[in-house]
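I have placed the structure first, in the form of structure tokens, so that the comments after it can refer back to it.
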Amino acid sequence: AQSVSQHNHHVILSEAASLELGCNYSYGGTVNLFWYVQYPGQHLQLLLKYFSGDPLVKGIKGFEAEFIKSKFSFNLRKPSVQWSDTAEYFCAVNAPDSSYKLIFGSGTRLLVRP
Amino acid sequence: EAGVVQSPRYKIIEKKQPVAFWCNPISGHNTLYWYLQNLGQGPELLIRYENEEAVDDSQLPKDRFSAERLKGVDSTLKIQPAELGDSAVYLCASSLTPAGGETQYFGPGTRLLVL
């Protein structure tokens, strides 16, 4: 069965610091990869996704993620975080073999100090 | 464009009572999902609908949970009777199709507390 691991449960950064959130998945076949974000008091929304093509994906608000197939990873990055990036970030994966059932990681809570 | 609408936003009930959650997906979205999110965890799929048909309900505890999507639009998720362990956030999402690269759009969720 597929699974998604987000090793950092809580991350605290100061504004302007660089961010990298780890995401690893366990599945050997073709996958689609997603990062969702949940800002305080708001619903889950898509940050970016990869399903084919360039493994470096750019999303909203300056976020990007790189799909490294050999490492089964899809880490999220941002060169300079802002206070407004404080949120919970979820990595997710689906695959055609499992009818595209979306499997989420347990999430990473990011706190950005002003 | 309106997003996914859910109601109620919060619900407090005593154990053994029934409870129902309602979801209105984005207009034109044929695929509807119900997820369960426990504290400190990511969402877990309970059931997926393609129009009126439940195509993946393998994770739905059928002894106490039921769902329906009449006319392929709105959906209701019911728990009867509720147990203490059902306290969680119940999320509804929708997408145009179930295809892998499709974005799922989530509603605000219903936060359930069972006392």
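Tabulated results
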quantity: Residue in the range A:49-68 that is part of a strand (DSSP E or B), touching a Gly at 6+ places or on another chain (Cβ under 8 Å) and under 23 Å from B:Gly107 (Cα atoms) present; calculated: yes
quantity: Test result for B:Arg64, over 26 Å from A:Trp35 (Cα atoms) and basic (Lys, Arg); calculated: yes
quantity: Condition met for B:Gln59 (surrounded by 17 or more Cβ atoms within 10 Å (Cβ to Cβ), farther than 20 Å from B:Glu102 by Cα and either within 11 Å of chain A (Cβ to nearest Cβ) or touching a strand residue (DSSP E or B) at 6+ places or on another chain (Cβ under 9 Å) (or both)); calculated: no
quantity: Qualifying residues in the range B:25-46 (those that are free of Cβ contacts under 8 Å to residues at least 24 places away in the same chain and within 19 Å of B:Gly100 (Cα to Cα)) - the one surrounded by the fewest Cβ atoms within 10 Å (Cβ to Cβ); calculated: B:Glu44
quantity: Residue within the range B:36-52 that is more than 14 Å from every other protein chain (Cβ to nearest Cβ) and in a loop (DSSP other than H, G, I, E, B) present; calculated: yes
quantity: Search result, residues across the range A:65-114 that are within 30 Å of B:Asp57 (Cβ to Cβ), within 16 Å of the chain's Cα centre (by Cα) and of a type in the set (A, V, I, L, M); calculated: A:Ala92, A:Val93, A:Leu102, A:Ile103
quantity: Subset of the range A:49-69 [within 11 Å of another protein chain (Cβ to nearest Cβ) and either in contact (Cβ under 8 Å) with a residue 24 or more places away in the chain or under 19 Å from A:Ala16 (Cα atoms) (or both)]; calculated: A:Tyr50
quantity: B:Ala54 being farther than 21 Å from B:Ile12 by Cα, of a type in the set (Gly, Ala, Ser) and surrounded by 15 or more Cβ atoms within 10 Å (Cβ to Cβ); calculated: yes
quantity: Strands (runs of 3 or more DSSP E) fully within the range B:54-115 counting 3 or more residues that are touching a Leu at 6+ places or on another chain (Cβ under 9 Å); calculated: B:65-68, B:75-79, B:88-95
quantity: Which listed residue, of B:Ser66, B:Ser7, B:Ser75, B:Ser58, is modelled with pLDDT under 95 and of a type in the set (Ser, Thr, Tyr); calculated: B:Ser58
quantity: Subset of the range A:29-44 [surrounded by fewer than 16 Cβ atoms within 10 Å (Cβ to Cβ), facing chain B (nearest Cβ under 10 Å) and closer than 20 Å to B:Gly40 by Cα]; calculated: A:Gly41, A:Gln42
quantity: Members of the range A:29-47 that are in contact (Cβ under 8 Å) with a residue 24 or more places away in the chain and either within 30 Å of B:Gln6 (Cβ to Cβ) or touching a strand residue (DSSP E or B) at 6+ places or on another chain (Cβ under 8 Å) (or both); calculated: A:Val31, A:Asn32, A:Leu33, A:Phe34, A:Trp35, A:Tyr36, A:Val37, A:Gln38, A:Tyr39, A:Pro40, A:Leu44, A:Leu47
quantity: Of all residues making up the range A:16-31, the number that are within 12 Å of the chain's Cα centre (by Cα) and closer than 11 Å to A:Gln2 by Cβ; calculated: 1
quantity: Scope the range B:62-93; condition within 12 Å of chain A (Cβ to nearest Cβ) and surrounded by 20 or more Cβ atoms within 10 Å (Cβ to Cβ); matching residues; calculated: B:Leu91, B:Cys92, B:Ala93
quantity: Enumeration of residues in the range A:80-114 that are part of a loop (DSSP other than H, G, I, E, B), modelled with pLDDT of 95 or more and more than 8 Å from every other protein chain (Cβ to nearest Cβ); calculated: A:Ser80, A:Val81, A:Gln82, A:Thr86
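The values are calculated or read from the model by the stated rules, or taken from the named source; none is laboratory data. Note that the coordinates shown come from a computational prediction; the quantities given were computed from them, not determined experimentally. Neighbour counts run over all protein chains shown; Cβ positions are idealised from the backbone, glycine included.
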